[in-house]
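The structure under discussion appears below in the form of structure tokens.
The values are calculated or read from the model by the stated rules, or taken from the named source; none is laboratory data. What you see is a predicted model, and the numbers here were worked out from it, not measured in a lab. FYI the Cβ positions are ideal-geometry reconstructions off the backbone, even for glycines, and counts take in every protein chain you see. Heads up: the accessible areas ignore ligands, DNA and RNA and are worked out on the full protein's heavy atoms, side chains in. Shrake-Rupley method; radii C 1.70, N 1.55, O 1.52, S 1.80 Å.
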Amino acid sequence: QVQLVESGGGLVQPGGSLRLSCAASGRTSISDAMGWFRPAPGKEREFVASTRWALRNSYRANYTDSVKGRFTISRDSAKNTVYLQMNSLKPEDTAVYYCALGPPDAGRYDYWGQGTQVTVSS
């Protein structure tokens, strides 16, 4: 089994920043896709950001439109950890953020973390 442990959530004022971390353990691969999701109205989970294996031993990042230019996803393969740097936070970013892991280029995520709460409020 794969386990995902998230941390870094908290309370922040609008315009502030947080960095989320997700540490993976178990039978994982450096080529696995890892991403971040959050609940949205009418959806169980909404895609936020992801990183996947690419050419030249690097990772390619993708973002949903609402966070482009504000959020940055990164990955430390040696630590098997993915990060989400969140800047210029807005109240509408308030949510439980979930980390997920899936096979490379499979279009799905098989493992999920327990979530970490992010609250943006004055």
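Pull up region 68-110, narrow it to residues that are β-branched (Val, Ile, Thr) and crowded, with 21+ Cβ neighbours inside 10 Å, then point me to the one that is farthest from Ser7 (Cα to Cα). Here the residue is Ile73.
Checking the structure you have, find out if any residue of region 72-80 is closer than 18 Å to Ala106 by Cβ and of a type in the set (A, V, I, L, M, F, W, C). Working first, answer last.
Restricting attention to region 72-80, the residues satisfying the condition of being closer than 18 Å to Ala106 by Cβ are 75.
From the residues that got through so far, the ones that are of a type in the set (A, V, I, L, M, F, W, C) too are none.
No, the conditions are met nowhere in region 72-80.
Only a single item in (1) touching a residue at least 60 places away in the same chain (Cβ under 8 Å); (2) in contact with an Asp or Glu (Cβ under 9 Å, 6 or more places away or on another chain); (3) open to solvent by 30 Å² or more (accessible area, probe 1.4 Å) is not met by Ser121, and it is number (2).
Among the residues of region 25-36, those that are touching a Phe, Trp or Tyr at 6+ places or on another chain (Cβ under 8 Å) and either of a type in the set (A, V, I, L, M) or open to solvent by less than 20 Å² (accessible area, probe 1.4 Å) (or both) comprise Ile30, Asp32, Ala33, Gly35, Trp36. Out of all the residues in region 38-61, is one or more closer than 23 Å to Val2 by Cα, touching a residue at least 60 places away in the same chain (Cβ under 8 Å) and of a type outside the set (Gly, Ala, Ser)? Checking region 38-61: at least one residue is closer than 23 Å to Val2 by Cα, touching a residue at least 60 places away in the same chain (Cβ under 8 Å) and of a type outside the set (Gly, Ala, Ser).
Just wondering, is there one or more residues in region 29-36 that are among the small types (Gly, Ala, Ser), within 24 Å of Asp105 (Cβ to Cβ) and free of Cβ contacts under 8 Å to residues at least 12 places away in the same chain?
From region 29-36, those among the small types (Gly, Ala, Ser) are 29, 31, 33, 35; that's our starting set.
From the residues that got through so far, the ones that are within 24 Å of Asp105 (Cβ to Cβ) too are 29, 31, 33, 35.
Restricting the remaining residues to those that are free of Cβ contacts under 8 Å to residues at least 12 places away in the same chain gives none.
There is no residue in region 29-36 that is among the small types (Gly, Ala, Ser), within 24 Å of Asp105 (Cβ to Cβ) and free of Cβ contacts under 8 Å to residues at least 12 places away in the same chain.
Taken over region 63-88, the criterion of being in contact with a strand residue (DSSP E or B) (Cβ under 8 Å, 6 or more places away or on another chain), modelled with pLDDT of 95 or more and over 18 Å from Thr116 (Cα atoms) is satisfied by Tyr63, Thr64, Arg70. May I ask you to verify whether Asn57 is at positive phi and crowded, with 17+ Cβ neighbours inside 10 Å? When the stated conditions are applied, Asn57 does not pass them.
Which residue, of Gln3, Gln13, is open to solvent by 70 Å² or more (accessible area, probe 1.4 Å), touching a Gly at 6+ places or on another chain (Cβ under 7 Å) and not aliphatic (A, V, I, L, M)?
Details: Gln13 fails: touching a Gly at 6+ places or on another chain (Cβ under 7 Å).
Every option except Gln3 fails the conditions.
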